[in-house]
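What follows is one structure encoded as structure tokens, with my remarks underneath.
The values are calculated or read from the model by the stated rules, or taken from the named source; none is laboratory data. Since we're looking at a predicted model, the values are computed, not measured. Note that we place each Cβ from the backbone using ideal geometry, even for glycine, and neighbour counts take in every protein chain shown. Quick note on the areas: whole protein, heavy atoms, side chains included, nothing else; ligands and nucleic acids left out. Shrake-Rupley method; radii C 1.70, N 1.55, O 1.52, S 1.80 Å.
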Amino acid sequence: MIIFGTKGYLYQLAVLTMVCGWCGNPAAHTLRKRVTKFTLFFVPLFPFSTKYATQCTFCGGERQIPKEEADLLLAQAAAGQDGNAYGQAPQPGVTPPGQNPYQR
Ligand SMILES: [Zn+2]
């Protein structure tokens, strides 16, 4: 007797700030990868489906994207690790981290 099935894995790859296609807000979006693996006797053998999607944290709207777009977004996320997806320089006059402006 052979027991086989599938098992789904969900990975959160990055969090990106972009304009949502659903609500139009420049909100944080999670980039997720969903991998479905073929299992034999409950042992996952190989992935047979990999899907990418972004989800808006503001309205919860999800959009499936092709792998190429996911790669692009991941590269963007890696390039702008300060959490700035718009490529702007940090604003001057912002208190540097580690300094408490309320401390005398
Ligand atoms: Zn949204």
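Remark: the stretch 41-55, residue by residue, has Karplus-estimated 3J(HN,Hα) of 6, 6, 9, x, 9, 8, x, 10, 8, 10, 10, 10, 8, 10, 10 Hz, where x stands for each Gly or Pro and the curve is 6.51 cos²θ - 1.76 cosθ + 1.60 at θ = phi - 60°. Each other residue within a Cβ distance under 11 Å of I65 adds +1 if Lys or Arg and -1 if Asp or Glu, for a net charge of +1.
Here's the picture: charge each Lys and Arg Cβ at +1 and each Asp and Glu Cβ at -1 in the stretch 4-78, and of A53, Y9, L40 the one pushed furthest to the positive end of that dipole is L40.
For the peptides 55-64, 40-49, 25-34, the ranking by packing is 25-34, 55-64, 40-49, with the highest mean count of neighbouring Cβ atoms within 10 Å listed first. Using a 7 Å offset from the Cα along the Cα-to-Cβ direction at both T50 and L74, what is the distance between the two label points in nm, to one decimal? Result: 0.7 nm between the two label points.
Shown are V35, V19, whose ranking by accessible area with a 1.4 Å probe and every protein chain present, most to least, is V19, V35. Taking amide hydrogens as placed 1.01 Å from N in the peptide plane, the amide H of L13 sits under 5 Å from those of L31, R32, K33, each at least 5 positions away in sequence or on another chain.
Each residue of the stretch 30-37 was assigned a 3J(HN,Hα) from its phi angle through the Karplus expression (A = 6.51, B = -1.76, C = 1.60, θ = phi - 60°), giving 8, 9, 10, 10, 10, 10, 9, 10 Hz with x at Gly and Pro. Extension gain for the segment R63 to F42, taken as residue separation times 0.36 nm less the Cα-Cα distance, is 4.5 nm to one decimal.
With N the number of residues in the stretch 13-61, Rg(Cα) / (2.2 N^0.38 Å) evaluates to 1.55.
Of the listed residues Y52, Y11, the order by accessible area with a 1.4 Å probe, largest first, is Y11, Y52. Estimated at the nearest 10 Å², the accessible area of T6 is 90 Å² with a 1.4 Å probe.
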